[in-house]
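The values are calculated or read from the model by the stated rules, or taken from the named source; none is laboratory data. Note that the structure is a prediction, hence the values are computed from the model and not measured. For neighbour counting, all protein chains shown are included, and Cβ atoms are generated from backbone atoms with ideal geometry for every residue, glycine included.
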């Protein structure tokens with residue numbers, strides 16, 4: 001049984017025949033869970049790190065490791081045949097990793113033993129790419145993503161056709177349990193020369209679509225334009241947004257930050273772009289969405305942008321804003337840092353007007369101009385952790401004043417994108433634009449003082465390597481292997497990933513066809529087919545924008561699809577991240593349950609469920625004004641239970 005409150009476990013797995021019995025059992029579970037005592041810190045039913053920095057907002061925080069221990073080396077996997085340039089992903093008792101040899105592996109999280117291995121195609125030989133720094137082949141580079149609701153891992157593979165001597169990019173999907181190949185979609189942007197493109201950014205999920213970006217190879221050779229892609233999980237043609245350069249620029253605008261697109265509770269997508277490419281001896285003067293943050297919807301329509309005040313200088317001097325991706329923060333703001341060493345706070349609500357940053361300040365200091373921040377940030381309990389080429393910085397975020405200030409500056413060689421787990425900030429060492437990180441640091445989150453420092457058994461190849469954490473362990477891609485460190489005790493081992501539990505992916509999910517959903521099954525049961533003969537009714541939210549009244553009442557609209565009989569279940573709202581309330585210190589931050597209730601709605605209908613915010617939830621909302629939260633909808637039926645997790649935005 002995964003580490004979670006026993007009352008929640010009972011609610012998650014119950015299967016009671018008969019509508020009245022089901023409703024009674026659900027109500028009992030709900031009351032027990034809300035009134036019978038505090039829940040554990042974890043909001044998830046199993047260890048999970050299913051996308052870069054764990055969630056769609058890119059927080060980089062693992063709330064599971066609540067009983068930290070002195071870190072120890074747990075295992076190093078066998079050599080996996082090719083270097084790893086992405087973060088390992090974790091779900092349940094398995095670790096999933098992809099290589100630049102276009103191989104995808106499922107490993108045992110407790111031992112590193114290989115469970116299955118699948119090929120995503122023939123990788124592109126490094127010598128056949130016009131330029132670049134990935135060797136010996138270019139395959140899967142961007143961090144994949146897992147959709148727990150469909151039990152599927154998605155990755156973008158750069159594949160080689162030896163007959164035509166051409167490269168192509170393909171979105172591949174694999175069943176988590178068996179490794180069965182379930183999706184293959186060509187995703188090269190219209191008019192692109194695939195050899196000039198690199199899919200470096202991590203993948204994300206938005207409204208049933210896999211979202212990712214394209215930039216150029218190291219050296220910016222050839223002619224390319226940065227692009228963002230939204231490819232349906234159900235198959236079918238993808239949608240694209242492509243950078244359109246203003247003369248004399250002829251290309252560039254790379255979307256290449258390793259953290260990839262961030263997605264908010266309303267399904268808006270935020271990506272950063274790089275500088276334009278233009279003829280030597282010339283310059284650019286016309287703004288064209290390069291060196292910016294662009295806001296897109298899932299159809300890839302541009303709905304907003306942020307232009308730094310230094311755009312003209314940055315765009316003419318290789319000052320890519322896209323060396324890192326956006327970090328979504330409480331209070332409707334986002335943080336962005338890039339090559340120009342600055343940090344920006346941007347109001348998401350003003351992106352459509354092109355408004356300036358609400359606050360900006362120099363954050364990093366490289367040896368030379370342009371060695372600022374690379375990779376991706378982390379955010380936990382009021383602190384933003386920023387990778388800088390002269391050592392990680394911690395910034396105190398003042399949500400009320402909408403400012404930040406320096407808290408501490410970490411060790412100079414601790415330069416990688418950080419994460420937070422087990423009470424420490426984890427960061428890898430590395431050489432600027434070379435990788436070769438040899439040390440893993442565990443830093444005190446309040447002071448930046450190293451509490452743990454370990455020489456890795458093999459160096460990190462990724463230039464901007466970042467650890468992952470779940471199930472009481474930290475996982476590092478060490479060259480062509482994965483290395484795990486035990487950092488916390490867990491009461492019991494996790495279940496295998498064949499049970500769809502509370503979904504850690506933070507992207508909103510639309511209602512897919514019932515055949516793409518997997519009901520909860522007994523631990524160890526292998527799913528033989530993606531098509532469910534007797535799908536459990538699958539209720540969803542009619543709206544992800546919620547408002548609390550003065551008394552703390554929140555009206556939630558529950559929709560039951562037509563042809564499903566009735567949808568009976570519970571809906572629970574929780575914070576996305578560990579938070580503090582009142583006089584709690586950052587060390588006592590927890591995932592907070594906000595409200596919960598039950599529903600019973602006929603197929604093809606909608607009802608309003610009135611939820612009452614708990615006292616701590618009302619205090620938190622009064623302080624933050626806007627909360628990004630997760631809504632977990634558990635629908636019960638004779639065939640078992642179905643869980644769906646959706647992002648919501650809660651306002652006063």
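Quick notes on this structure:
- For the criterion of being more than 26 Å from residue 58 (Cα to Cα), surrounded by 23 or more Cβ atoms within 10 Å (Cβ to Cβ) and touching a residue at least 40 places away in the same chain (Cβ under 8 Å), residue 254 fails.
- Total residues in region 371-387, condition over 22 Å from residue 56 (Cα atoms) and either crowded, with 24+ Cβ neighbours inside 10 Å or not assigned by TED's automatic domain parsing to the domain that holds residue 64 (or both): 1
- Region 536-562 - residue that is farther than 16 Å from residue 650 by Cβ and without any contact (Cβ under 8 Å) to a residue 60 or more places away in the chain and, of those, surrounded by the fewest Cβ atoms within 10 Å (Cβ to Cβ): 562
- Checking region 445-464 against the condition returns a match, with at least one residue being over 18 Å from residue 65 (Cβ atoms) and either within 19 Å of the chain's Cα centre (by Cα) or not assigned by TED's automatic domain parsing to the domain that holds residue 79 (or both).
- Residue-level check: of (1) more than 20 Å from the chain's Cα centre (by Cα); (2) surrounded by 21 or more Cβ atoms within 10 Å (Cβ to Cβ); (3) on the phi > 0 side of the Ramachandran plot, residue 339 misses just (3).
- The listed residue being closer than 25 Å to residue 386 by Cβ, assigned to a strand (DSSP E or B) and under 25 Å from the mean Cα position of the chain (by Cα), out of 211, 255, 229: 211
- Test: residue in region 1-9 that is modelled with pLDDT of 75 or more and farther than 17 Å from residue 489 by Cα: no
- Test: residue in region 448-460 that is assigned to a loop (DSSP other than H, G, I, E, B) and modelled with pLDDT of 90 or more: yes
Yes or no, residue by residue, for (1) touching a strand residue (DSSP E or B) at 6+ places or on another chain (Cβ under 7 Å); (2) within 28 Å of residue 378 (Cβ to Cβ):
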position: 246; (1), (2): no, no
position: 249; (1), (2): yes, no
position: 284; (1), (2): yes, no
position: 287; (1), (2): no, no
position: 306; (1), (2): yes, yes
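- Restricting region 276-303 to residues that are touching a helix residue (DSSP H, G or I) at 6+ places or on another chain (Cβ under 8 Å) and surrounded by fewer than 23 Cβ atoms within 10 Å (Cβ to Cβ) leaves a set whose member that is nearest to residue 337 (Cα to Cα) is 295.
- Of all residues making up region 181-202, the number that are in contact (Cβ under 8 Å) with a residue 40 or more places away in the chain and surrounded by 17 or more Cβ atoms within 10 Å (Cβ to Cβ): 12
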